[in-house]
Each structure stands twice: as structure tokens, then as C-alpha cells.
Amino acid sequence: QVQLVESGGGLVQAGGSLRLSCAASGRTFPNYPMAWFRQAPGKEREFVAAIKWSISNTCYADSVKGRFTISRDNNKNTVYLQMNSLKPEDTGVYFCVADLNPPACGRLWKGDWGQGTQVTVSS
């Protein structure tokens with residue numbers, strides 16, 4: 001099991017940037033594929049981005065391609081989500097998740113989830 005703590009959320013104007021971090025416990029972190037999901041009020045949780053063992057093995061939701069970048073630092077047991085050109089529709093609680101056997105890109109993961117960090121983009 002992996003414990004995850006997200007940080008870096010906040011209030012930003014449209015067009016701005018934020019970088020989210022997800023710190024993981026456990027020496028087996030490098031073995032875990034990681035992902036970010038988000039949930040807006042009244043909506044279902046949706047996939048944002050995922051990374052397996054390196055930045056060369058990633059996938060993204062169409063809505064964030066070209067604007068968001070997922071990366072990881074296995075020495076720091078941390079996964080990041082760099083979010084640029086933010087839009088009001090990016091508003092929501094952002095969660096990170098770790099799963100040894102994730103589903104296909106875009107599907108909902110099971111695994112271990114963090115508590116989330118709020119991102120609010122004003123227009």
C-alpha cells in the first residue's frame with residue numbers, strides 16, 4: 001500500500017499555471033504507475049494524466065493535451081502535474097493515485113488514492 005499526499009493547488013486566473021505535487025510513502029514507489037484525476041462539483045471523477053516509469057511512457061486526457069505535463073522524480077518519491085494555460089473548466093479537486101496494475105489509458109483506476117488538492121481557475 002502507498003500513502004499519497006497532494007499539494008500545490010490554489011486559486012489562479014485563466015491562462016495561469018500551477019504545479020501540483022504528490023508525495024508518496026514507501027520504498028517501492030518507483031514500481032508504481034501513477035496518475036492524476038480530477039473531480040468538479042456535481043461531476044464524476046475524470047482521468048487527467050498517467051505515467052508509468054518515466055516521462056517517455058505517459059498518456060493524457062484529450063482536454064489537457066498540450067497544456068499539462070505529468071512527470072515523476074523517483075529519488076523524491078514524488079509525481080508532478082505541471083498545468084499551463086489553465087481554463088475555468090479545469091477547476092476541481094485533483095487526486096493522485098498509485099496502482100501496480102492500472103487499466104488502459106483514460107479508465108478509472110482503483111489503487112491507492114490521496115485526499116486531493118483544490119484547484120480553482122477564475123475567468
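The values are calculated or read from the model by the stated rules, or taken from the named source; none is laboratory data. Quick caveat, the model's predicted, so the values are computed rather than measured. We place every Cβ from the backbone using ideal geometry, glycine too, and count neighbours over all the protein chains shown. Ligands, DNA and RNA are stripped out before the accessible areas are found, and what is left, the full protein with its side chains, is counted by its heavy atoms. Shrake-Rupley method; radii C 1.70, N 1.55, O 1.52, S 1.80 Å.
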Exercise. Does Ser63 fit the bill of being within 15 Å of the chain's Cα centre (by Cα), surrounded by fewer than 16 Cβ atoms within 10 Å (Cβ to Cβ) and either among the polar types (S, T, N, Q) or part of a loop (DSSP other than H, G, I, E, B) (or both)?
Worked result: yes
Exercise. When the range 1-16 is examined, which residues are found to be at pLDDT 95 or above, open to solvent by less than 80 Å² (accessible area, probe 1.4 Å) and farther than 14 Å from Met83 by Cα?
Worked result: Leu4, Glu6
For this session: Being small (Gly, Ala, Ser), assigned to a strand (DSSP E or B) and more than 27 Å from Gln1 (Cβ to Cβ) is the filter here, so list the residues in the range 66-76 that pass it.
Result: none
For this session: Please specify each residue of the range 80-104 satisfying the condition of being in contact (Cβ under 8 Å) with a residue 60 or more places away in the chain and more than 18 Å from Gly114 (Cα to Cα).
Result: Met83, Asn84, Ser85, Leu86, Lys87, Pro88
For this session: Could you tell me whether the range 82-92 includes any residue that is at pLDDT 95 or above, touching a Pro at 6+ places or on another chain (Cβ under 9 Å) and either over 14 Å from Asn31 (Cα atoms) or not acidic (Asp, Glu) (or both)?
Result: yes
Problem set entry | Residue list for the range 1-32, filter: more than 21 Å from Asn57 (Cα to Cα) and small (Gly, Ala, Ser) | Ser7, Gly8, Gly9, Gly10, Ala14, Gly15, Gly16, Ser17, Ser25, Gly26
Exercise. Do we find a residue being of a type in the set (Val, Ile, Thr) and closer than 15 Å to Lys110 by Cα anywhere in the range 1-15?
Worked result: yes
Exercise. Quick one: is Ser54 part of a strand (DSSP E or B) and open to solvent by 30 Å² or more (accessible area, probe 1.4 Å)?
Worked result: no
For this session: Go through the residues of the range 17-34 one by one and say whether even a single one is touching a Pro at 6+ places or on another chain (Cβ under 6 Å) and surrounded by fewer than 18 Cβ atoms within 10 Å (Cβ to Cβ).
Result: no
Exercise. Which residues, counting only those in the range 77-123, are part of a loop (DSSP other than H, G, I, E, B), open to solvent by 60 Å² or more (accessible area, probe 1.4 Å) and among the charged types (D, E, K, R)?
Worked result: Lys87, Arg107, Lys110
